[in-house]
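The values are calculated or read from the model by the stated rules, or taken from the named source; none is laboratory data. Because the structure is predicted, anything quoted here is derived from the model rather than measured. Methodologically, a virtual Cβ is constructed for each residue, glycine included, from the backbone with ideal geometry; neighbour enumeration extends over all protein chains shown. To get the accessible areas, we keep the full protein, side chains included, count just its heavy atoms, and leave off ligands, DNA and RNA. Shrake-Rupley method; radii C 1.70, N 1.55, O 1.52, S 1.80 Å.
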Amino acid sequence: MSKVYYKTEEQIEQIRESANVLSLLLGEIAEVIKPGITTLSLDKLAYDFIQDHGGTPAFLNYHGFPYSLCISVNDQIVHGFPSEYIIKEGDLISVDGGVNLNGFISDSAYTFGVGEISAEAQQLLDVTKASLFKGVEQAVAGKRVGDISSAVQEHVSPYNYGIVRELVGHGVGLYLHEKPEVPNYGKRGSGPKLEEGLVICIEPMINAGKPGVKFWDDGWTVSTVDGKLSAHFEQMVSIRKGKPDVLLTFEHVEKVLSKK
């Protein structure tokens with residue numbers, strides 16, 4: 001969408017309810033993801049879970065996308081198709097999903113390390129997730145989009161990882177993709193001003209190697225240009241004065257993973 005939509009308090013609470021369903025879904029995926037299952041089985045779980053909670057998958061049929069989740073494996077960055085691919089020990093599985101609950105949209109992503117993963121893969125996950133939280137810290141009224149973007153970039157840059165530039169965060173809530181765009185690189189003090197009523201997705205997409213991307217012939221899947229691993233984490237934030245209001249929490253995922 002080419003328009004910025006500022007939300008009322010009532011709308012923000014409705015978006016929070018949608019986000020809560022999605023947060024619970026990510027926790028369910030954390031419970032079942034393991035070697036030996038297909039990525040398509042995760043997609044079916046998501047479809048059923050969202051329906052059971054009174055919503056519909058926001059991604060399903062969005063511009064023709066044929067699944068409820070984007071599931072991107074290892075060197076795939078985003079928008080991967082669920083398939084008969086059998087998940088293996090050591091895989092990185094990025095799960096990106098959305099919920100439409102009573103007309104209000106949530107969107108989030110989490111990259112899971114399956115079983116024992118390499119030290120390189122673990123560092124990529126840790127740095128990418130930490131860069132998300134650094135960006136979220138800047139998501140307060142009076143700052144600018146560039147403050148978020150630069151916080152992500154400044155955290156990632158010392159590791160010589162590639163920051164994807166072709167894909168960015170965005171406004172969300174009434175539609176899946178709204179203005180403003182929220183890049184993962186930029187200069188402090190630049191870009192649109194962050195004002196109360198704005199709800200945005202912050203979503204670092206970080207490659208272990210080069211920042212370049214490859215678009216697949218399926219019209220959706222995006223992978224790293226050099227075949228190296230990629231990680232993707234995404235949270236929704238309502239812009240407030242003083243501190244960010246995180247609408248979508250990873251606490252359900254983290255609770256499950258801490259027990260594994």
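Using only side-chain charges placed at the Cβ, +1 for Lys and Arg and -1 for Asp and Glu, the dipole size of the chain relative to its Cα centre rounds to 820 debye.
When you count the other C-beta atoms within 10 angstrom of each residue and take the mean per peptide, 236-248, 166-178 line up highest first as 166-178, 236-248. For region 128-259, the fraction of alpha-carbon pairs lying more than 18 Å apart is 54 percent, rounded to a whole number.
Here the chain yields Rg over Rh of 0.94, to two decimals, using C-alpha coordinates and the Kirkwood radius. For region 205-221, backbone phi angles converted through the Karplus equation (6.51, -1.76, 1.60; θ = phi - 60°) give residue-by-residue couplings of 10, 10, 9, 5, x, 6, x, x, 10, 10, 8, 7, 5, 6, x, 10, 4 Hz, Gly and Pro being listed as x. Between VAL222, VAL32, VAL95, the GNM of the chain built on Cα springs shorter than 10 angstrom shows VAL32 fluctuating the most.
The GNM of the chain, with springs linking C-alpha atoms under 10 angstrom apart, assigns the highest mean-square fluctuation among GLY90, GLY219, GLY115 to GLY219.
Above 14 Å lies some portion of the pair distances; for region 1-47, what is it as a whole percent of all C-alpha pairs? That fraction is 64 percent.
May I ask you to give the percent of accessible area on the chain that is carbon plus sulfur, with a probe radius of 1.4 Å?
50 percent
Here, region 46-129 has an Rg and a Dmax of 14.1, 42 Å when only alpha carbons are counted.
Think of region 23-147 as having a plus end and a minus end, set by charges on the Cβ of Lys, Arg, Asp and Glu; of ILE37, LEU124, TYR62, TYR62 sits farthest toward the positive end of this dipole.
Within the chain, the whole DSSP H helices whose Cα atoms reach 30 Å or more along their own axis and whose mean Kyte-Doolittle score is at least -1.0 are 9-32.
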